[in-house]
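The values are calculated or read from the model by the stated rules, or taken from the named source; none is laboratory data. The structure presented is a predicted model; accordingly, all values stated were derived computationally and were not measured. Here the Cβ positions follow ideal geometry from the backbone for every residue, glycine too, while neighbour counts run over all protein chains shown.
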Amino acid sequence: DGPIGGGCVNWYQYYNVCRAGELNPHKGAINFDNIGYAWIAIFQVITLEGWVDIMYYVMDAHSFYNFIYFIFLIIVSIMTFRPLQLDSTPDKPTRVS
């Protein structure tokens with residue numbers, strides 16, 4: 001029972017039946033069906049808004065070990081975009097003599 005015989009690759013004991021899934025989450029807004037939607041999903045992960053849900057969807061669809069990708073993506077995005085944030089502390093007033 002492999003992909004050549006028409007069955008699933010049994011990666012896990014609980015994931016052994018291939019069947020069409022439900023609609024994409026969030027009314028189809030979160031998916032990796034094309035590059036545009038994939039970039040939107042990746043942007044959502046980088047902003048840390050609802051990234052855990054996306055990670056669980058990918059883990060359910062592909063592999064448990066996909067969490068490594070998401071953690072790596074978040075660490076890289078924090079290291080990249082954190083220095084670009086403006087300093088919110090006001091500058092010290094300068095004395096004019």
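State which residue pairs qualify: first residue assigned to a helix (DSSP H, G or I) and inside the stretch 35-62, second residue among the acidic types (Asp, Glu) in any location, beta carbons under 7 Å apart, and separation of 6 or more residues or different chains.
Short answer, once both residue conditions are applied: none.
Does residue 57 satisfy the criteria of being surrounded by 12 or more Cβ atoms within 10 Å (Cβ to Cβ), hydroxyl-bearing (Ser, Thr, Tyr) and under 23 Å from residue 24 (Cα atoms)?
On the way: surrounded by 12 or more Cβ atoms within 10 Å (Cβ to Cβ): yes; hydroxyl-bearing (Ser, Thr, Tyr): yes; under 23 Å from residue 24 (Cα atoms): yes.
The answer is yes for residue 57.
Hey, residue 93 hits all of (1) modelled with pLDDT under 80; (2) in a helix (DSSP H, G or I) but one; which does it fall short on?
The single condition residue 93 does not satisfy is (2).
Could you tell me which of the residues 43, 64 is out of contact with any Phe, Trp or Tyr (no Cβ under 9 Å at 6 or more places or on another chain), at pLDDT 80 or above and loosely packed, with under 12 Cβ neighbours inside 10 Å? Before you say what the answer is, go through the steps one by one.
Working: 64 fails: out of contact with any Phe, Trp or Tyr (no Cβ under 9 Å at 6 or more places or on another chain).
Being out of contact with any Phe, Trp or Tyr (no Cβ under 9 Å at 6 or more places or on another chain), at pLDDT 80 or above and loosely packed, with under 12 Cβ neighbours inside 10 Å holds for just one of 43, 64, which is 43.
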